[in-house]
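All remarks here apply to the structure that follows.
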4 protein chains.
Amino acid sequence: MIKVGLIGCGYWGSNLLRNLSNNLGFEVVAVADASETRRAELCRQGVLARLLETAEGVIAMPEIEAVVIATPVATHYEFARQALEGGKHVLVEKPMCESLDRAEHLVQLAKALNRVLMVDHTFLFTGAVQEIHRMIGHGDLGRIAYLDAVRVNLGPFERDVNVLWDLGPHDLSIMDHILGEEPIHIQGSGYCQTGSCQADIVYLTLHYPSGIIAHINLGWISPVKVRRFVIGGSAKTLVWDDLSTQEKLRIYSACTKPQQDRNTLMSEYRTGDVLSPRISTHEALAGVVEHFAKVIFGQEASIMDGQSGLRVVRVLETAQKELAQSLAKVRSLKGDNSGNRIRVAGS
Amino acid sequence: MIKVGLIGCGYWGSNLLRNLSNNLGFEVVAVADASETRRAELCRQGVLARLLETAEGVIAMPEIEAVVIATPVATHYEFARQALEGGKHVLVEKPMCESLDRAEHLVQLAKALNRVLMVDHTFLFTGAVQEIHRMIGHGDLGRIAYLDAVRVNLGPFERDVNVLWDLGPHDLSIMDHILGEEPIHIQGSGYCQTGSCQADIVYLTLHYPSGIIAHINLGWISPVKVRRFVIGGSAKTLVWDDLSTQEKLRIYSACTKPQQDRNTLMSEYRTGDVLSPRISTHEALAGVVEHFAKVIFGQEASIMDGQSGLRVVRVLETAQKELAQSLAKVRSLKGDNSGNRIRVAGS
Amino acid sequence: MIKVGLIGCGYWGSNLLRNLSNNLGFEVVAVADASETRRAELCRQGVLARLLETAEGVIAMPEIEAVVIATPVATHYEFARQALEGGKHVLVEKPMCESLDRAEHLVQLAKALNRVLMVDHTFLFTGAVQEIHRMIGHGDLGRIAYLDAVRVNLGPFERDVNVLWDLGPHDLSIMDHILGEEPIHIQGSGYCQTGSCQADIVYLTLHYPSGIIAHINLGWISPVKVRRFVIGGSAKTLVWDDLSTQEKLRIYSACTKPQQDRNTLMSEYRTGDVLSPRISTHEALAGVVEHFAKVIFGQEASIMDGQSGLRVVRVLETAQKELAQSLAKVRSLKGDNSGNRIRVAGS
Amino acid sequence: MIKVGLIGCGYWGSNLLRNLSNNLGFEVVAVADASETRRAELCRQGVLARLLETAEGVIAMPEIEAVVIATPVATHYEFARQALEGGKHVLVEKPMCESLDRAEHLVQLAKALNRVLMVDHTFLFTGAVQEIHRMIGHGDLGRIAYLDAVRVNLGPFERDVNVLWDLGPHDLSIMDHILGEEPIHIQGSGYCQTGSCQADIVYLTLHYPSGIIAHINLGWISPVKVRRFVIGGSAKTLVWDDLSTQEKLRIYSACTKPQQDRNTLMSEYRTGDVLSPRISTHEALAGVVEHFAKVIFGQEASIMDGQSGLRVVRVLETAQKELAQSLAKVRSLKGDNSGNRIRVAGS
């Protein structure tokens, strides 16, 4: 059993605590949370681990071999660095940290000290993504043409990150995992309801070397929740609706070749069967925790290692610059919008 | 009764013919279609109007006071110009024509000759857009923050225009109508399945002087048809699902202010009632035809005049340049994608 | 070409007229409609057939070989009888007529006079029912266990029949076609909003010799339209949602064997894939008209002959008695509902 | 604080335990479960209450003032009786017990001994039922005409009760609560997949003195889960879809008066707005537990007392007889189904 300490036990930390406790590979020996109220709650619930106030307290415990970090993003780097330097294996919440420099430092550190560094890209262990990964690996969809992800809802509004850094890592880590390539060009635009830089709506277009185009729509201010991920291939198109309880995945065996005859196609928008495969309904986080244990034991290679976390941060940082540029451009145009004419971006 | 000639009687032209015939303000005296088979069909169906092969034949008929043009886009300018010069009023299909220069010429011509020039932005006469226009006019949604339109399906693939020019005019004319302002900055990206410039998927972001951001997703290669138009306001959010037979419009009285307490909001993504108002189910095209008659008679000011058609073409032309730039950028990056690193657009 | 006369040209009659006109096997030589306004409309639309006021006028035309009857139910028997006696083939709207006696008479008459007698059970020619029929024939669903049909909407309220006789023939003719057996026991209950015998809501349970149970829910006063037909089999379950534009049929490969372990099943309500097969989107009525021609020409055996119409009427008549009994029982109980206790039906 | 003992800690018992523990009015002093494995689990989870093997052990504890019974239906009567005789207040799972006689005995006993007897009709404390109850009380729907409930899914299959007794109490207790009257006539039919008396599908029609008709469709063998409850009123119709996460209730302001003109109504199935009111998303079981405490303290009159449990059992028992009769009838008809003719039920 790996002796593990949990740093941060809020909403997601509680889920981690439950899954770590249920996993036979781990023994939770310490839990840190800055809130006294929260620690008192954990005590009443019969948590047997030592309850501490600070991350440093956990990291300082010599018997602890691994830490799991579920604190606000701004603290990820510092706690992960200390833990790695203290000789612990680390599983850190997404996004790995708030800048590419820091992400690179953590990866180097983990490599130098020969410790496991993992980022909790939970979705990779959902039945849906596992099935998608399997299908793409088998070539079931044909050559991938495009991805289209929509992840919008109404709040909660994070205080320390904007919607790009909050929701973006989900789709970006999934795309990284299933495509196995990095984007070479990113376009982005966003909207700040409050006028601050804290984007509420973000649109990204990612262009990949293979020619694939991926579009991501993230939002915090939609009264209708949407979790939709489309993968268009030359043979089939897959639609993943994560809010569907019974048919999360649908595979359309539609042919997308241009048709000769316009009129016949008018009333028939799909030309093949639709299949909704059965997928596993296990809890993804249980898979993440099990994976962390196996990677530490050297039984598995990690599918969510520091490198993957770094690649996600790289896209986030680039996209953030794009958002800033786009907003700056619009502001400058508003300054002299004489005649109200359209200007081509970049010209 | 206005003596009217119809130029082009394919899929949409047939709908125009039926609505012109049913309208008491018009008498259809001639129909032109290049296809002999099509003319024979019209004859068998008992069409009483004169059946001609060419647009010129219709335009040359002195008794004709108005023409309706439902031919491929590339011919719009030429037929409209001839008709205006021949002293006819003109209703032309969307998009008005394929370049801003030509659009401007038609507008000037109509003004100089004192003829009515209208563009068939049919959606403006749907019950849904009429209700949306009414609500925004009354301030029911509060201050508009963002628009988000998705218009994707599987074919039909047009031969003479890409998906931007085929589907784009719908959303652009609606936005022009309900917002009453023109975008000052446009970002765009697209995907060409075939490698040609004939885009199959297009993403546009429009920035308006008022701060509104509008995003449009157009596509021809989605096996699932989507017609979704969201208007987010400070007071309410409206979702228009044009494929719903019974509840096309839904108005969410959700508050989008950031919340203090993250946890309580987690399980409750909307915070108010949802209303689906009854809307008219009349045929929009009947409204367009009636409007054309009333504008000719001087009884109504046009809501889809040449200027509105021109504004739509201006956005299309700008967006087209954006698409070309985006594609060129990606191609140049692919040429030297050494290291596979992301490059910021515009840098 | 079979010279055909159409009797009744209202809503459904117009569809018949269009399909008869488009079919190469028929020449429509006469159309009768009691309404002068309607006849004037048909004239304006360029209908070339002779326009008459009465059914008798059509039946009296010696050159007519076949008639299609689309008039109110109460007139079906009389017009069909006259037409058969006049030596015409007959296609009559559903339900065939309003009593079993009359249905039997028509069947005998057609047999004696060697004329084709067909009932327009249109749904049998939809792509959905054709696919269902094929699947059941191939044993794809396993042994059929139950059918469950819901057909409810808001109006239109017929004046001459109740909801049982108006909507019931659809599901009853489909069940007759796909099961190939007749029910041996029928239970029914209904609701009359107005207090008259004109039922607005009807529930039927049909028990078949093979053990199959079929339940039908018909209604005129539901604001939400539902068209749902479920076929539960030992191997698979099929759900037909006729209002879905893109996935009318879904086949669930769920196993319905009781499970050992309750808890594992709790969160997983289906245990297999879901398939939505592509089905034909042709117009069903075109198939009916084509079928009528082929049966007259002796090229096909009828799948909707007088016998099938008679079987549907037999169920309707039995069900009507059941409804009456059920209502009578409730009324008598209301008379002396002392103590407000439940009474078992039939005791 | 009321000292409470929980008898049975399986799936639902765990939920009760959590809610009792969270409620300030209760102190859970003992939990009984027959399974040693389950007791070991509870121990590991840090449950502080005394863990016992038998219900008798809990009932025998003198300090216990109230017991909550969440065991199989067959044991409800015995445990509730013992607890009441032991002077405890009782909250028992639905259905209250398996016969009307026993239900009456429990009600008498509770009255004689002046103890609280409550049945856990959990749905009465959902936001949906609370809103429905409020609306009907205010007359918002007009005069109620009909109820239509569908509650079907795929398993879990209970071993000790059929689908009528398992799922039926939910809809029956809701109807009892919102209508405030008892049915005077019940019709029922069912289907036994296995041929045993353990019904898998049940259809009930309930007739009420006021003229209301209620139909209930219960099933265990549907691969598609449905939770749908419709209330048709003279002014509005309410549709409750309990599986919808965002719009559980919809109120259709449709008018159900027969229309003069058939054709105009054809394409317009609803004639008014649709409203989806915000409803509370609290956990219903927390409300039940709070209610139990307040009833014990004399602060509230019970809305789910022994009488309401008894009324539900009365309907269940009557319906069960109806099912048996219906099945017997079908079996006898199969014995001599000469000619395969339909027989009218009851004749």
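The values are calculated or read from the model by the stated rules, or taken from the named source; none is laboratory data. Predicted model, so just to flag it, every value in this text is computed and none were measured. In this analysis, Cβ positions are derived from the backbone assuming ideal geometry, glycine residues included, and neighbour counts consider all displayed protein chains. Heads up: the accessible areas ignore ligands, DNA and RNA and are worked out on the full protein's heavy atoms, side chains in. Shrake-Rupley method; radii C 1.70, N 1.55, O 1.52, S 1.80 Å.
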- Item | Qualifying residues in the stretch B:156-190 (those that are modelled with pLDDT under 85 and over 16 Å from the mean Cα position of the chain (by Cα)) - the one farthest from A:Arg143 (Cα to Cα) | B:Asp160
- Query: Taking the stated definitions as given, is C:Ser253 under 18 Å from C:Gly139 (Cβ atoms), touching a Leu at 6+ places or on another chain (Cβ under 8 Å) and at pLDDT below 90?
  - Reply: yes
- Query: List, please: which pairs have Cβ atoms under 7 Å, are six or more places apart or on different chains, and start with a residue in the stretch A:126-152 that is free of Cβ contacts under 8 Å to residues at least 60 places away in the same chain and end with one that is of a type in the set (A, V, I, L, M, F, W, C)?
  - Reply: A:Val129/A:Phe123; A:Val129/A:Ile174; A:His133/A:Ile178
- Note on the structure: Filtering the stretch A:6-21 for residues that are touching a Lys or Arg at 6+ places or on another chain (Cβ under 8 Å) and open to solvent by less than 10 Å² (accessible area, probe 1.4 Å) leaves a count of 1
- Set A:Glu98, A:Glu65, A:Glu41: member being without any contact (Cβ under 8 Å) to a residue 40 or more places away in the chain and out of contact with any Asp or Glu (no Cβ under 6 Å at 6 or more places or on another chain): A:Glu41
- Query: Which one of these does D:Ala145 not meet: (1) open to solvent by less than 20 Å² (accessible area, probe 1.4 Å); (2) within 12 Å of chain C (Cβ to nearest Cβ); (3) more than 30 Å from C:Ile212 (Cα to Cα); (4) not in a strand (DSSP E or B)?
  - Reply: (4)
- C:Leu206 meets each of (1) within 7 Å of chain D (Cβ to nearest Cβ); (2) open to solvent by less than 10 Å² (accessible area, probe 1.4 Å); (3) among the hydrophobic types (A, V, I, L, M, F, W, C) with one exception, condition (1)
- Message: Looking only at the stretch B:211-238, count every residue that is at the interface with chain A (Cβ under 9 Å from one of its Cβ atoms) and over 16 Å from the mean Cα position of the chain (by Cα) and tell me the total.
- Response: 13
- Item | Only one of C:Val119, C:Val107, C:Val150, C:Val129 that is in contact with a His (Cβ under 8 Å, 6 or more places away or on another chain) and either aliphatic (A, V, I, L, M) or within 14 Å of another protein chain (Cβ to nearest Cβ) (or both) | C:Val129
- Name the pairs whose Cβ atoms lie under 6 Å apart, with the first residue in the stretch C:167-180 and crowded, with 24+ Cβ neighbours inside 10 Å, the second assigned to a loop (DSSP other than H, G, I, E, B), and 6 or more positions between them or separate chains? C:Pro169/C:Lys94; C:Pro169/C:Pro95; C:Ser173/C:His121
- Task: For the stretch B:273-293, name all the residues that are in contact (Cβ under 8 Å) with a residue 12 or more places away in the chain and either in contact with a Cys (Cβ under 7 Å, 6 or more places away or on another chain) or open to solvent by 20 Å² or more (accessible area, probe 1.4 Å) (or both).
- Result: B:Asp273, B:Leu275, B:Ile279, B:Ser280, B:Thr281, B:His282, B:Glu283, B:Ala286, B:Glu290
- Query: Does the stretch D:77-101 hold any residues that are over 17 Å from D:Ser308 (Cβ atoms) and among the basic types (Lys, Arg), and which are they?
  - Reply: D:Arg81, D:Lys88
- Query: What strands (runs of 3 or more DSSP E), lying completely within the stretch C:201-242, carry at least 1 residues that are in contact with a His (Cβ under 8 Å, 6 or more places away or on another chain)?
  - Reply: C:201-207, C:213-219
- Among the residues of the stretch C:148-167, how many are outside any helix (DSSP H, G or I), under 30 Å from C:Gly87 (Cα atoms) and touching an Asp or Glu at 6+ places or on another chain (Cβ under 6 Å)? 0
- Query: So which residues in the stretch D:22-37 are polar (S, T, N, Q) and either open to solvent by 70 Å² or more (accessible area, probe 1.4 Å) or closer than 20 Å to D:Val119 by Cα (or both)?
  - Reply: D:Asn22, D:Asn23, D:Thr37
- Query: Got a sec? Which of A:Leu52, A:Leu24 is away from chain D (no Cβ under 14 Å) and of a type outside the set (Gly, Ala, Ser)?
  - Reply: A:Leu52
- Task: Return yes or no: is C:Leu316 within 9 Å of another protein chain (Cβ to nearest Cβ), over 30 Å from D:Gly10 (Cα atoms) and modelled with pLDDT of 90 or more?
- Result: no
- Task: Looking only at the stretch B:214-221, decide whether some residue is open to solvent by 10 Å² or more (accessible area, probe 1.4 Å) and free of Cβ contacts under 8 Å to residues at least 24 places away in the same chain.
- Result: no
